[in-house]
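Data block below; observations after.
The values are calculated or read from the model by the stated rules, or taken from the named source; none is laboratory data. Since this is a predicted model, take the numbers as computed values, not measurements. Cβ sites come from the backbone with ideal geometry, for glycine too, and all protein chains shown count toward neighbours.
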């Protein structure tokens with residue numbers, strides 16, 4: 001069926017005349033020519049006709065139309081960017097056929113391309129692409145595009161160390177989004193998520209909302225752990241947390257705003273309800289967009305049902321096991337299972353969470369906070385058991401790190417002799433693929449513990465091993481930066 005035939009059938013089904021469909025867009029005779037196949041509509045006109053007929057524009061395109069390939073590629077590239085795989089996103093964009101890039105509106109493609117450049121550390125290319133998109137957004141008065149350009153430009157400036165530029169771009173994005181919130185065609189879910197992230201970033205850079213003239217509340221290393229280029233900001237602006245109190249919640253306007261936004265969508269149920277409500281409001285004027293948002297809501301509901309089913313399976317399995325063992329702490333364990341399963345199934349990067357948990361464990365061990373460290377280790381082990389392939393390199397690496405932390409915990413609990421034996425075995429059986437950083441830590445602890453025992457020979461042995469390991473290259477795992 002041709003485009004014209006589809007338009008004709010849908011128009012008749014909806015009881016519209018050619019005059020009704022044409023409206024103020026074109027003459028009714030043009031609609032007649034399109035339906036008879038004498039004229040092929042432009043993509044811009046087709047989008048407007050699709051909106052009036054209450055259908056997504058893809059309804060009128062053939063399955064092999066280059067536009068379908070372009071949109072599918074953009075979505076897949078966005079997914080790869082969100083999950084930390086910019087090179088895969090780049091490969092998708094580079095392999096697009098030329099025909100896909102010769103027609104249609106390419107602003108979304110160029111925005112994703114700018115994000116790929118930034119994620120790959122190609123900041124001049126990213127900024128150049130974003131500046132061109134900014135000019136287009138202003139000339140076309142496309143405020144939705146401008147919002148995304150401001151957000152992404154701020155991130156590019158932040159990544160290359162220009163904190164003042166990042167602060168300015170993100171503030172403009174927030175101001176624009178506040179004006180657009182009630183009449184934007186950005187999905188409520190996407191807008192709220194973007195606004196929360198922006199306010200958290202602004203709180204990180206400018207906690208008190210006073211600009212760069214205010215004293216910083218964090219050290220530069222704590223503030224910008226992921227910068228590839230050190231920011232050129234006078235040291236006077238950075239004050240260590242130990243020297244200056246962090247602003248209270250009352251004095252952190254961006255954090256307060258992020259909290260207000262988060263309260264709007266505290267649960268998955270609330271998110272889906274807002275999407276459906278927004279879809280209902282758009283039905284009379286933009287049914288195609290309403291359909292997209294309703295589909296988002298249905299997808300979220302389906303996944304929530306999957307999570308609930310998985311939790312129920314785990315609860316019943318644990319209940320049966322506890323019944324056989326005669327345990328009675330059912331309620332506490334049930335909610336622990338719910339929390340762990342929800343985190344494991346909803347986080348985009350479980351390994352990043354586990355990596356952060358290990359940092360927290362290390363801090364607690366340094367402070368001799370034994371019970372807090374033990375709780376974190378137990379939670380990390382439970383989360384590790386729920387995530388991904390147990391034989392994957394990342395999971396095996398995390399098991400090595402947790403095993404070492406567990407040995408340190410046992411030593412702080414007073415089991416020095418047992419911990420020493422475990423650590424000797426850990427170091428002796430350390431796999432070749434393992435991160436040498438953990439093995440160096442094990443050797444350092446053995447040097448310390450044998451030093452306390454007065455065993456000079458073993459101290460020298462492990463000192464030599466530490467020197468050898470210091471020359472080894474670190475294996476390249478995706479979650480290390």
Inset, instruction - Kindly check whether there is at least one residue in the range 236-253 that is at pLDDT 75 or above and surrounded by fewer than 19 Cβ atoms within 10 Å (Cβ to Cβ). - result: yes
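If I filter the range 370-380 for residues that are at pLDDT below 65, closer than 25 Å to residue 409 by Cβ and surrounded by 12 or more Cβ atoms within 10 Å (Cβ to Cβ), do I get at least one hit? Reasoning before the result, please.
First pass over the range 370-380, keeping only residues at pLDDT below 65: none.
No, the conditions are met nowhere in the range 370-380.
What residue, of 416, 439, 458, is under 40 Å from the mean Cα position of the chain (by Cα) and touching a residue at least 12 places away in the same chain (Cβ under 8 Å)? So that I can check it myself, show each step before the final result.
Working: 416 fails: under 40 Å from the mean Cα position of the chain (by Cα); 458 fails: under 40 Å from the mean Cα position of the chain (by Cα).
Among 416, 439, 458, only 439 is under 40 Å from the mean Cα position of the chain (by Cα) and touching a residue at least 12 places away in the same chain (Cβ under 8 Å).
Let me confirm something: among 193, 168, 132, which residue is surrounded by fewer than 22 Cβ atoms within 10 Å (Cβ to Cβ), assigned to a helix (DSSP H, G or I) and at pLDDT below 90?
Values: 168 fails: at pLDDT below 90; 132 fails: at pLDDT below 90.
None of the others qualify; the one that does is 193.
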Inset, instruction - Give the residue, chosen from 21, 45, that is modelled with pLDDT of 90 or more, closer than 17 Å to residue 288 by Cβ and either in contact with a helix residue (DSSP H, G or I) (Cβ under 9 Å, 6 or more places away or on another chain) or not in a helix (DSSP H, G or I) (or both). - result: 21
Legend entry - Identity of the residue in the range 386-434, surrounded by 18 or more Cβ atoms within 10 Å (Cβ to Cβ) and not in a helix (DSSP H, G or I), that ends up modelled with the lowest pLDDT: 387
Inset, instruction - Tell me which of these residue 121 doesn't satisfy, since it passes every other one: (1) under 22 Å from residue 84 (Cα atoms); (2) part of a helix (DSSP H, G or I). - result: (2)
